[in-house]
Structure formats: C-alpha cells, structure tokens
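To keep things clear, I will list the structure first and then write my remarks on it.
The values are calculated or read from the model by the stated rules, or taken from the named source; none is laboratory data. Remember, predicted model here, so these are calculated numbers, not experimental data. Please note: Cβ atoms are built from the backbone with ideal geometry, for glycine as well, and neighbour counts cover all protein chains shown. Side chains are part of the model used for accessible areas, which takes the heavy atoms of the whole protein and leaves out ligands, DNA and RNA. Shrake-Rupley method; radii C 1.70, N 1.55, O 1.52, S 1.80 Å.
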Amino acid sequence: MLITQNIFQMIIDLFLLRNKEQVINNFLRELGDRFESIKFAYLQDSEKFCENHFPINIGSSFFGYLCIEGSETIDEDTRLLIKSLSQMLAVILERLDHENKLHEEKQSVEAKAEQRLKDLEKSVKDLEDARREAFKLVHDLSAEIERREIIEKKLLESEERYTLISDNLNDVIWLRNSNLEHVFISPSIENLLGYTYHEFANLKFEDYCTPKSLAYISLAERKKNNGAESKFFDGDVKLWETQFLHKGGRLVWVETKMQGIRNCDGEFLGMTGVSRNIDDRKIAENAMRENEKRIRALLNAIPDLMFRFNKDGVILDYKSDSEDLYAPIEGSMIGINIDELLPVSLVNLTKENIIKTLYTQKLQVYEYQLHIDPKGNQDFEARMVPVTGSEVIATIRNITERKKTERILKESETRLRKANATKDKFFSIIAHDLRNPFSTILGACDMIAGDIKNFSYDELHFCVKSIQDSAKSTYELLENLLEWSRTQTGKFKLDPENILLEKIIIDEFSAAQKYAESKKIKTFYEIKSDIRIFADTQMLKFVIRNLLMNAIKFTNRNGTIQISAVQQKENVIVCVEDNGIGIEAGKMDKLFDISEKISTPGTEKERGTGLGLLLCKEFIEMNRGTIWVESEVDKGSKFYFKIPSA
C-alpha cells in the first residue's frame, strides 16, 4: 500500500513539471529512490549492454529504452510496475509535447497579431510623414526657385567680372569642349601669338603647334578615342611647357596650366586652362644653366672637399672628387650628422666653427689633423662661410704637403740662420788667424828694411825664417779655406769609385814619412790587402793625410803611430791611433764644430790652421760616412771614420 502511494505521488509530481528534461531526470532519480532492487536507471537509444530494458514510445515515435541496473535480480512484479511506469512516462512526455506545441502556436498567433498592429501603426506614421514631407517639398521648391534666381543673378555678375578680367589679363584663358574645339578664348591671345580672337578660333592645332607639341597632343587624343587612360584629360591640374608658332613666324615659349573637366559619371566634357608667355623666363633659365655649368666646371676644377652644413652639423650637400680628402663612407652622406662620421675632437671643433660663423656672419679659417689609412696623419685646412642664418659652406683642403714644406722651410731657415751665425763667427776667427802671420811678416820686413846694414847674418836668417814660416802657415790656411769653401758652395764634385784601401794608406804614409822621421816617430799599418771601399779618392786621401799629419804633430819624439781597418758587413772602419799628448775631454766635442775653431801647437810648437778636421768631417759625410774621436790626456788619441765598403 505504501509503495502504491509513493508511486502515485511520484506520478503527480511528474505531471506538475513542465520541462521534458526535468521530467526525465526526476523520473530516473525517483526509480532509484523508491525501489531497493534498482541500483540506477538511465535512458539510451539501443537495448545493447542492458539486461533490463523497457521501450518508450511517444505517440507513434520511438523515444528510447529505459535501462535498469539492479543490485539483485528484479522480480516479475517489479518489472511489470516499471513497465507501467515507463508507459506512464511516455504519456507524460507526450502530454508535455502537446502542451508545448499549443504554447508555441499561441505565441505565434500573438506575435503575428502584435506585428500587424505595429505595421498598422507604422502605416499611419508613414502617412503622417508623407504629408509633412509634401509640405516641406513645396516649401523647399519655393526656396530653390528663389535661390536659383539669386544664383543666376550672381552668375551673370560673375560672368561680367570674368569677362572683364579675361579681357584685361595678359594670360590667355581658354575653354575647349570634349572634341577639343574652342568654346571660349580670351582676347589676350593676340598678345601671345599675334592672332585675333576670331582668327585663332578657326585655327587647327597644326596651324600653330610645333611638330613636337603636335605629336604630344595627337598621342593624347588617340588614347582618349581608344578609351585608354590619359593624364592629359584627367581632372588633375597639369603644367605643360612647349613652343608655339607666332603669327609672325617666330617661336614663342608658352606655359599652360590645364585641367580636364568631367561630370559625376566620369564622362569627359572638355578642358580649361591658362597660357602665358615665358620667353623671358626661358632666357633667364638658359642663362642660369650656362652659369651653373661654368660654376660646376669651376667647382670640379677645385680639388677641395666642400660641405654644406646646417646649424646642427647635418650634411645638406657635399662635393668630393679627391682621393686625398676624407670621404669616410660609401654612398651618400646627405642627411648624416657629423657626429656619426668624425672623431669627437673634430666634431667639437667643426660645430664650434659653425656656431662662430653663423654668429659673426664672417669667414672662419681653422686647421686640424686627421688619421687616414693608409697615409697616416694628414693635415687639413677648413674655410667656413655663412650661406644663410642657419647654413654654412665649408671648403676643406689637404695641406699635408704644404705643412711639410713649411716645416722644411722653417727647419732650413733655422739651419741657415745658425750656419750664417756660425760662419760669421768662423770668418771672424779666420780673419784673426790671418792677421797674426801677416803681422809677423810685416814686422820682420819693417825690421830688415829699416836697418838691414846693421843686421848680422844670424839675425837676418832669423827674420827671413820667421817670414817663411808665417808665409807657409798662411798659405796652408788659405788652401784649406779654399777647399772648405768649395764644399760649402757645391763646387766640389763628388766622384766615388771602387778603391783599394791599402794603396791609399801606403801613398799617404810615404808622403808623411819625412815629417815622421824628423821626430823619430815609428809609423806602421795593419790592413788586409783585399779591403775595398766606395768613396772619392782625393777626399779620402785628404782625410788620411790630415789625420796622419795631426797624429805626428801631437806625438812626442820616439812615439808610435798606427793605422788599422776593420771590414764590416756594409762598411769599413778606419782608425788612426797615436800615443801622443791626447785631447782634453772638453775639447773633443769642439773638434768638428765650425763655430769652435781650435788650433793647438804641436809637441814641437808646430802650428796648424784649425780647418783640417772640419774638412775631414765634410768629406767623410759627403761620402755617406761618419767620423769620431776617442782620446785620453797623455795617453794618445784614436780617430775613427766609417765609410761604405765597395
């Protein structure tokens, strides 16, 4: 009895639901809750995999199978009850479908009724709008008629003003139709081409166009007639410069601004334009072009690098034709700031001069140095002038060679000044040295001439000997002076040759032998017989002779003198060594200095000119060699010279 009541309550609850999905879900849940033998229930389309299944048909249509899974075997009574319940479920679902269908039909009828009501309301509103629109149209039509009358009046006034302007304007205003026939042309055509308005209206293009102009117009006409696009007839304003034939036969340059006329559908209606005489402008342009050619030729002849900068250091233009000048990147540099091209120091210097040039509006000149591979450091001169209040032009010239020349000239000037000062001092010393022997000669001559009868033989011999010694000394000095002057003036011709050194040494030893024997000095040499040098023979003899005679002069009696030579890879070093009185350290540096003439008497009061070692230095250096001395007082001296080997 309790089960029946529960089942009955379940059916009532299901009947109260209006949603099909809710009905099915509650039904399946209630089965599991109300029957202990049912574990769970579900719906599926097939009876497969379902031992207890009950078909559900809604009307004549199959809906699905009710599948029951039990915790134990379902008895027959329960099965019959479940079957009945499944049929009851079908009835409930069928009722819900029917109710839903009725509800939808009701909604459709209500929607249609509502739409018809809205349509009716809209029709009423449209009728009202149409009535108002009709009234507005009548009002606007009246206003339009009035407006057109005003416009027509203004057009008439505008046409009168336009006619007045066109009649008095130097430029020719014209209008052509779609066939390019004249509709209107201003009277100023007579000033332009010499034809009156009526004459020009009857002319064809070929009557006043040059062949080039006619070809251009013909091509445009052919494109138009063939339906092809032609910029000649579009709606944009075009500028055309050409030459027309004047009535008098001369050519006239004419500039024409023209525009095609099209309607809203794009149909070509004609053309309008303004033409003017530009003969004067063309003459000026040709003159400017010629002037530009001359200026460009002049600029191209200048090897300088030229830049146009703005106030911020941006390159606006440049000219660079010389490989010697700084062109840091390939391609155009226009638009690039110098910050991207130059070292920071040069950027600062350039920008500083840009500001100074713009501020003073005067020429600025400055120099700088820049390292450019592979030439190394190069010197440049920049000259900057203002163009406008915000632009400058800089010309940059490579002055490396000029700077080198200036440095060479400055060094040469310094050397020349020093040489002149040295020679002045040298000649002062020589003049003093020449005066002394002449004083001796004149004094002895005066003594003899004044009282020769009272002179004994010995006194007379002494005076003559003094005159002879002074004359020899003066003659030797003059000879050395002559030799030195020839080296200084370039008159001494250098004639180097392959020389056997031993032969030169033997010859000079023989010449000095008598002088050495007079002081009982032993001389010998130690030189390999195959040593050869490349030098001027006479200069080399003078050097060896002078060094050998000096060695004898400053060596005491019974002393020794030796000459030796050492062969090096590319040179030969010759040494003249003695065991004489030596040279003080303070004097050694002055031996080869022309401004410090040193003449020291020999061990037996022999006198010298003080020019010998100077000439030795000149001759050795002329033969691409060097000379130097090593000495110690009371122990002797060693004079060395190095000369190229043969």
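Of all residues in the stretch 190-202 being assigned to a helix (DSSP H, G or I) and farther than 15 Å from Asp279 by Cα, which is most open to solvent (accessible area, probe 1.4 Å)? Restricting to residues being assigned to a helix (DSSP H, G or I) and farther than 15 Å from Asp279 by Cα, the top hit is His198. When the test is whether a residue is modelled with pLDDT under 85, among the small types (Gly, Ala, Ser) and surrounded by 16 or more Cβ atoms within 10 Å (Cβ to Cβ), Ser186 passes it. Of everything in the stretch 252-277 that is small (Gly, Ala, Ser) and touching a strand residue (DSSP E or B) at 6+ places or on another chain (Cβ under 8 Å), the residue that is surrounded by the fewest Cβ atoms within 10 Å (Cβ to Cβ) is Gly270.
Please go through the stretch 258-272 and pick out each residue that is on the phi > 0 side of the Ramachandran plot and in contact with a Leu (Cβ under 8 Å, 6 or more places away or on another chain). Result: Gly270, single match. If the condition is being open to solvent by 30 Å² or more (accessible area, probe 1.4 Å) and outside any helix (DSSP H, G or I), then the stretch 611-625 contributes only Arg624. Just one residue in the set Asn546, Asn571 is under 22 Å from Glu630 (Cα atoms), at pLDDT 90 or above and of a type outside the set (Val, Ile, Thr); that residue is Asn571.
Considering only the stretch 331-366, how many residues are over 21 Å from the mean Cα position of the chain (by Cα) and of a type in the set (A, V, I, L, M, F, W, C)? Matching residues across the stretch 331-366 total 4.
Of all residues in the stretch 591-617, which are modelled with pLDDT under 75 and of a type in the set (A, V, I, L, M)? Once the filter is applied, which keeps residues that are modelled with pLDDT under 75 and of a type in the set (A, V, I, L, M), the stretch 591-617 yields Ile594, Ile598, Leu611.
Among the numbered conditions (1) open to solvent by 60 Å² or more (accessible area, probe 1.4 Å); (2) in a helix (DSSP H, G or I), the only one that Ala284 does not meet is (1).
Considering every residue within the stretch 626-642, establish whether at least one is closer than 21 Å to Ala535 by Cβ and part of a loop (DSSP other than H, G, I, E, B). No, because not a single residue in the stretch 626-642 is closer than 21 Å to Ala535 by Cβ and part of a loop (DSSP other than H, G, I, E, B). Do the conditions hold for Ile3, that is, is it among the β-branched types (Val, Ile, Thr) and modelled with pLDDT under 70? When the stated conditions are applied, Ile3 passes them.
Kindly check whether there is at least one residue in the stretch 204-224 that is at pLDDT 80 or above, of a type in the set (A, V, I, L, M) and either in contact with an Asp or Glu (Cβ under 8 Å, 6 or more places away or on another chain) or more than 16 Å from Ser275 (Cβ to Cβ) (or both). Within the stretch 204-224 (the criterion being at pLDDT 80 or above, of a type in the set (A, V, I, L, M) and either in contact with an Asp or Glu (Cβ under 8 Å, 6 or more places away or on another chain) or more than 16 Å from Ser275 (Cβ to Cβ) (or both)), the answer is yes, since at least one residue qualifies. Comparison of Asn300, Asn310 shows that the only residue that is at pLDDT 80 or above and of a type in the set (S, T, N, Q) is Asn310. The single residue among Leu500, Leu442, Leu494, Leu460 that is open to solvent by 90 Å² or more (accessible area, probe 1.4 Å), modelled with pLDDT of 70 or more and among the hydrophobic types (A, V, I, L, M, F, W, C) turns out to be Leu442. Just one of the listed residues (Ile521, Ile533) is open to solvent by less than 40 Å² (accessible area, probe 1.4 Å), touching a Leu at 6+ places or on another chain (Cβ under 9 Å) and at pLDDT 75 or above, and it is Ile533. The set of residues from the stretch 367-382 being surrounded by fewer than 16 Cβ atoms within 10 Å (Cβ to Cβ) and charged (D, E, K, R) comprises Glu367, Asp373, Lys375. Within the stretch 387-399, residues that are free of Cβ contacts under 8 Å to residues at least 12 places away in the same chain and loosely packed, with under 15 Cβ neighbours inside 10 Å have Cβ atoms under 7 Å from residues that are outside any strand (DSSP E or B) and of a type in the set (Val, Ile, Thr) in no pair, counting only partners at least 6 apart in sequence or on another chain.
Listed here are the strands (runs of 3 or more DSSP E) enclosed by the stretch 21-135 that have at least 1 residues being free of Cβ contacts under 8 Å to residues at least 12 places away in the same chain and loosely packed, with under 14 Cβ neighbours inside 10 Å: 61-70. Note down all Cβ pairs under 7 Å where the first residue falls in the stretch 334-363 and is under 22 Å from Gly389 (Cα atoms), the second is modelled with pLDDT under 95 and of a type in the set (Lys, Arg), and they're at least six residues apart or on different chains. These pairs meet every condition: Ile354/Lys311; Leu358/Lys311; Leu363/Arg383.
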